[in-house]
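The values are calculated or read from the model by the stated rules, or taken from the named source; none is laboratory data. Small disclaimer: the values here were computed from a predicted structure and weren't measured. Neighbour counts run over all protein chains shown; Cβ positions are idealised from the backbone, glycine included.
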């Protein structure tokens, strides 16, 4: 069943009393977003001019083509998986992916739903595609700016603030020794000041370690960074925190390792600050097709009211975690646990080897 843009939506020579189909046709033709209809196998049955323009072709050139014929061989499997999910659920779903287009590599947000005939039988999948590259670029810049500021602040703490504090501590020790030799009773105060400054130096170094995780910039050290994060929580003395490390660990891209750590850091901060949790678990695992990071707590969870839930999610940093997940192609989930608490899960798919054409 091949359908062109004109006869799929309507015909312009319809009776004058029936203008709904013609109106729909005009809307689809004039839409700046790409609109298409395809079979479960990904073969295009309909495409509007905006859809064709993404591929640098005309609608007539692409209608009836399969992904391989449209130079979308690598996306063929992904497209089929998406269509299968939509047809199986019978509901509209949203997907986001990067695609090489006539305008270069673009980030596309596609809404897919089941196309049914007058009897309700499913004949394929329709889609509306929006180019969100600029929006994702802005999100990326916000995230990168935040990370650069954290790195800068970490360096400032390490190179300036900590050095000054260490110097004050040393002077305090010298003052204590001098006062002790002269027998002045207040010498003990100088010793206490020096010890307190040492404690502050230790706290600042812990803070700097969380802000400036330089070893992650080279793509390694994620396991060690998460172990340090768990140790920082335990050192507070109020919350038990365990880290479950993987048996085998693949090498990650520097950005992926950094963003996974920041997601874990944000989830841990939320749990410590807002959840009233007594126990945290950070888990990192490497599965066949994905790397999975999870942070689980035994706290109070989220409010039940929808309005309070939206406010809570915005307040405790879920938007930025979603931004980071999207930036590395990960899926972020937040699950309510049966006995209280929540689990934040970020799943990063591993690179799939390209299948050879037969």
Original post:
Among the residues of the range 136-143, is there at least one that is surrounded by fewer than 17 Cβ atoms within 10 Å (Cβ to Cβ), under 21 Å from residue 199 (Cβ atoms) and not assigned by TED's automatic domain parsing to the domain that holds residue 321?
Top reply: no
**OP:** Confirm whether residue 125 is crowded, with 18+ Cβ neighbours inside 10 Å and either assigned by TED's automatic domain parsing to the domain that holds residue 323 or in contact (Cβ under 8 Å) with a residue 40 or more places away in the chain (or both).
**Re:** yes
**OP:** Quick one: count up the residues across the range 144-162 that are over 32 Å from the mean Cα position of the chain (by Cα) and surrounded by 12 or more Cβ atoms within 10 Å (Cβ to Cβ).
**Re:** 2
Original post:
Before we move on, is residue 80 surrounded by 13 or more Cβ atoms within 10 Å (Cβ to Cβ) and farther than 21 Å from residue 45 by Cα?
Top reply: no
Original post:
Would you pick out the residues in the range 222-251 that are surrounded by 14 or more Cβ atoms within 10 Å (Cβ to Cβ) and modelled with pLDDT under 80?
Top reply: 249
